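Working notes for the structure below.
The values are calculated or read from the model by the stated rules, or taken from the named source; none is laboratory data. Not measured: the values here are computed from a predicted model. Surface areas here come from the heavy atoms of the whole protein model, side chains and all, with no ligands, DNA or RNA. Shrake-Rupley method; radii C 1.70, N 1.55, O 1.52, S 1.80 Å.
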Amino acid sequence: SNKEMYAVEAGLGAHIPVSKGFRINVEATSSAFAKFYEGSYMRSSLRVLPAFMIGNKVEIFAGPTLNHYHSNDYKGDEMSNNYLWSDTYWDYFNGINVGGMAGIQFHL
């Protein structure tokens, strides 16, 4: 979006050790985006992220995410066009889709 927005994300997660150098990271997060003077947008996600350690300091991870979107400021096609389910009622958009996440984490 080219609109100025403020964001905050909070979550809860667990590291499930599988073997030396491999674990499953499970996270539930909620992200809120707002302009404070109009509209709102919220995304809640469940993430299952297998992770591999490279040495003692670097971890790579990637996996699927299940996402729920809720907004009174955006239409669904402005956020994604691949919904498993979506509906608009009382000017609020709700949608669920599957996505993915990947990254590198450095342990200091």
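So here's what we get for this one:
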| read-out | value |
| --- | --- |
| Semi-axes of the equivalent ellipsoid for segment 21-96, Cα gyration tensor, largest first, Å | 32, 14, 9 |
| Rounded percent of accessible protein surface that carbon and sulfur make up, the chain, 1.4 Å probe | 60 percent |
